[in-house]
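Here's the structure we're looking at; comments come further down.
The values are calculated or read from the model by the stated rules, or taken from the named source; none is laboratory data. These numbers were taken from a predicted model, which means no experiment stands behind them. Don't worry about glycine lacking a Cβ; one is built from the backbone with ideal geometry, like all the others, and counts go over all protein chains shown. Only protein heavy atoms, including side chains, enter the accessible area calculation; ligands, DNA and RNA are left aside. Shrake-Rupley method; radii C 1.70, N 1.55, O 1.52, S 1.80 Å.
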Amino acid sequence: MPSSSTTTMHAIGVPQYGPADNLQSREIPRPAAPTGRQMRVEIKAVSVNPIDIKVRAGTYDDPPDYYDRVQGLTKTEGGDDATNNKIHVMGYDGAGVVRELGPDVKRFRVGDEVYFLASPVLQGTYAEELVVDERHAGHKPRSLDFVQAAAMPLTYGTAYESLVDRLGIQPNEKAGILIINGGGGMGSVASQIARRILKLPVVITTASRPETAAFSRDVGGATHVVNHREDIVRQIRDLDLPGDVPLKYACITSRTEQYIAPIGEVLAPFGRVCSIVQARFDMYGTQFMSKSLSFAWCWIATGPYHGYANDREEKHHEWYEELAALLDQGVIKCHLTQRRKLTLENIREAHKATEAGKGVGKTALGVDEPGEQQAFC
């Protein structure tokens, strides 16, 4: 049930960074009227990603100045209750209905159903309303409901940018790719892009449990699955891979450090590696130099965070419009595995489950899911 106030709304976030129990439900000011290419969206569903957990814990370090940029969102030390009644609202995936347009919006209309990627340095999607940049939104796939749609933007955008923009994979290329953590949200989408859009003949993923291995094959489309808790190099060398298909690419969606050396062993000379996870590691003593391997990072927020310098402003919108068609055609499968009502208790539980690292696919939460508790409370 929406807030009865015209100036405030319900939202879930943290007044201070720390454990999941720090998450609180509060009434905060509604977004100001959208400007430029912004749209005011009524939130219908959100999903939970590892970035949500890191931001909430106070450990997010992809940009070194991140907490300087968002310091005004949380409470300050001391001061009265009015001063301290602030929360940083997490949530970077969302789906909902456009309620108001900024003067420069050209791709959407009031009433459109959309799915989108929220800004990492503004208030997030765990709120009744959000101002969204149209460049990071697409029309919701017709075949998906709001909860399913909310599971897609962050993982698909990151995976596509990693494979196409950063690794430079060409469609129908005669090459193979190794994707670390194929049972997770990002990995299961990256393997689908590699296999079903780029049509690589060899897509190897890693998974350590029967259920994640099965998910990586059935939903992700992996051609081979190896166990990342065992010797990856030996397992890959024991695979019956085509002799004329070099293992040219690797995409790391988990802790980067532990995979640098084995990737250096199994990748073909002149191969390319991309990671989406911040890390400290040393390539010295690995095969990276002897094989002339290239390494790249991928952070989906790089463009807007740095003012779109050296970047295409419209690319995420284009990808989400293309993704909607691919989902409606059944080429790409939604990787949602758990759905819950969008309440404080369920957000806390989703954070704890994601933090434990035992999930499969994605968890998303919807305003209209079954449950007696009021949404956002």
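Quick notes
- Residues of region 19-42 satisfying the condition of being in contact with a Phe, Trp or Tyr (Cβ under 8 Å, 6 or more places away or on another chain), under 18 Å from VAL121 (Cα atoms) and either of a type in the set (Val, Ile, Thr) or surrounded by fewer than 23 Cβ atoms within 10 Å (Cβ to Cβ) (or both): VAL41
- Filter result (open to solvent by less than 30 Å² (accessible area, probe 1.4 Å) and out of contact with any His (no Cβ under 8 Å at 6 or more places or on another chain)) within region 154-168: LEU154, TYR156, THR158, ALA159, GLU161, SER162, LEU163, LEU167, GLY168
- For region 131-151, filtered to residues that are open to solvent by less than 10 Å² (accessible area, probe 1.4 Å) and not in a helix (DSSP H, G or I), the residue that is nearest to GLN329 (Cα to Cα) is PRO141.
- Residue count for region 152-197, restricted to those that are farther than 12 Å from ILE332 by Cβ and part of a loop (DSSP other than H, G, I, E, B): 12.
- Tallying residues that are out of contact with any strand residue (DSSP E or B) (no Cβ under 6 Å at 6 or more places or on another chain), open to solvent by 40 Å² or more (accessible area, probe 1.4 Å) and either on the phi < 0 side of the Ramachandran plot or modelled with pLDDT of 95 or more (or both) within region 335-377 yields 14.
- Residues in region 220-234 that are assigned to a loop (DSSP other than H, G, I, E, B), within 20 Å of ALA261 (Cα to Cα) and open to solvent by less than 50 Å² (accessible area, probe 1.4 Å) were compared, and the one that is modelled with the highest pLDDT is ASN227.
- Filtered by the rule that a residue be open to solvent by less than 30 Å² (accessible area, probe 1.4 Å) and in contact (Cβ under 8 Å) with a residue 60 or more places away in the chain, region 295-314 gives ALA296, CYS298, ILE300, ALA301, TYR305.
- Residue among PHE281, PHE288 that alone is open to solvent by less than 50 Å² (accessible area, probe 1.4 Å), touching a helix residue (DSSP H, G or I) at 6+ places or on another chain (Cβ under 8 Å) and of a type in the set (Phe, Trp, Tyr): PHE288
- Residues that are open to solvent by less than 20 Å² (accessible area, probe 1.4 Å) and of a type in the set (Gly, Ala, Ser) within region 199-219 comprise ALA207, ALA213, SER216, listed in sequence order.
- Figure legend. Inter-residue proximity from region 53-73: first residues modelled with pLDDT of 95 or more, second residues part of a helix (DSSP H, G or I) and among the polar types (S, T, N, Q), beta-carbon distance below 8 Å, spacing 6+ or different chains. Indicated pairs: ILE53/THR354; ARG56/ASN22.
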